[in-house]
1. Check every one of the strands (runs of 3 or more DSSP E) wholly within region 6-118 and list those with 2 or more residues that are within 19 Å of the chain's Cα centre (by Cα) and surrounded by 16 or more Cβ atoms within 10 Å (Cβ to Cβ).
2. Return the residue satisfying two criteria in turn: it lies in region 39-65 and is out of contact with any Gly (no Cβ under 9 Å at 6 or more places or on another chain) and among the β-branched types (Val, Ile, Thr), and of such residues it is nearest to residue 167 (Cα to Cα).
3. Please verify whether region 123-133 includes one or more residues that are surrounded by fewer than 20 Cβ atoms within 10 Å (Cβ to Cβ), touching a helix residue (DSSP H, G or I) at 6+ places or on another chain (Cβ under 8 Å), within 23 Å of residue 33 (Cα to Cα) and touching a residue at least 60 places away in the same chain (Cβ under 8 Å).
4. Look at region 119-163 and say how many of its residues are farther than 22 Å from residue 22 by Cβ and part of a loop (DSSP other than H, G, I, E, B).
5. Can you pull out every residue in region 55-98 that is on the phi > 0 side of the Ramachandran plot and either touching a residue at least 12 places away in the same chain (Cβ under 8 Å) or touching a strand residue (DSSP E or B) at 6+ places or on another chain (Cβ under 9 Å) (or both)?
6. Residues that are touching a strand residue (DSSP E or B) at 6+ places or on another chain (Cβ under 8 Å), crowded, with 18+ Cβ neighbours inside 10 Å, within 17 Å of residue 49 (Cα to Cα) and among the aliphatic types (A, V, I, L, M): does region 137-150 have at least one?
7. Take the conditions charged (D, E, K, R) and touching a helix residue (DSSP H, G or I) at 6+ places or on another chain (Cβ under 6 Å) and apply them to residue 169. Does it pass?
8. Can you find, within region 30-56, the residue that is modelled with the lowest pLDDT among those that are of a type in the set (A, V, I, L, M, F, W, C) and touching a Lys or Arg at 6+ places or on another chain (Cβ under 9 Å)?
Amino acid sequence: MKYIFLLIVGMISICHAQDPNKKLQELGIQLTELKPPVANYVKAVQTGKLLYLSGHIPDEVAGKKTRGKIGSQLTVEEGKEAARITTIGLLSTLQYYAGNLNNVKRIVKVNGMINADPAFTQHPAVMNGCSDLLVEVFGDAGRHARAAVGMASLPFDAAVEIEMIVELK
């Protein structure tokens, strides 16, 4: 009887699993084409069921501020938007390497580096732009461990750089 109950609970969980591709469509988010790395590295490395995504910076988007120091040149909200834009790039890379976002079991860890003014202290608020989108797209499977740290500078004066570790099914 216990095994039947566990089987039914497992089937209910599978039925209620969120389709990340459908959620992106509902959010009006279109993933971008994979861009080659800008130096001598690869965009992702898989070992076992873990996929390590290299640091991504936000694409430049018309009307959005994605370059500069948060706290002096950019507001927290602009930094949060830059983190969200960066996450869309991470999802594009993830889809390429995983074959389909439905192959993601869970987001394990996100490391966020924030190009911050030395007096800036709201790093977690900026990284919520990434974390909130991952939970929107993957539901509970998008909840992750996280680091949000300030940096004196980032490549190309990007507002943020984010890397991610993902467990595949």
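1. By residue number, 50-56, 104-115.
2. Step by step, filter region 39-65, then rank; the result is 47.
3. no
4. We begin by selecting, within region 119-163, every residue farther than 22 Å from residue 22 by Cβ; these are 119-128, 145-163.
When the remaining residues are screened for being part of a loop (DSSP other than H, G, I, E, B), the result is 119-122, 152-154, 159.
Result for region 119-163: 8.
5. Step one: filter region 55-98 for residues on the phi > 0 side of the Ramachandran plot, giving 63, 68, 71.
Of everything in region 55-98, those that are on the phi > 0 side of the Ramachandran plot and either touching a residue at least 12 places away in the same chain (Cβ under 8 Å) or touching a strand residue (DSSP E or B) at 6+ places or on another chain (Cβ under 9 Å) (or both) turn out to be 68, 71.
6. yes
7. Details: charged (D, E, K, R): yes; touching a helix residue (DSSP H, G or I) at 6+ places or on another chain (Cβ under 6 Å): yes.
The answer is yes for residue 169.
8. Applying the first criterion (of a type in the set (A, V, I, L, M, F, W, C)) to region 30-56 yields 31, 34, 38-39, 42, 44-45, 50-51, 53.
Filter once more, keeping what is touching a Lys or Arg at 6+ places or on another chain (Cβ under 9 Å): 34, 53.
Details: 34: 89, 53: 98.
The selected residue is 34.
The values are calculated or read from the model by the stated rules, or taken from the named source; none is laboratory data. Quantities reported herein were computed from a predicted structural model and do not represent experimental measurements. So basically every Cβ, Gly included, is an ideal-geometry build from the backbone, and we count neighbours across all protein chains shown.
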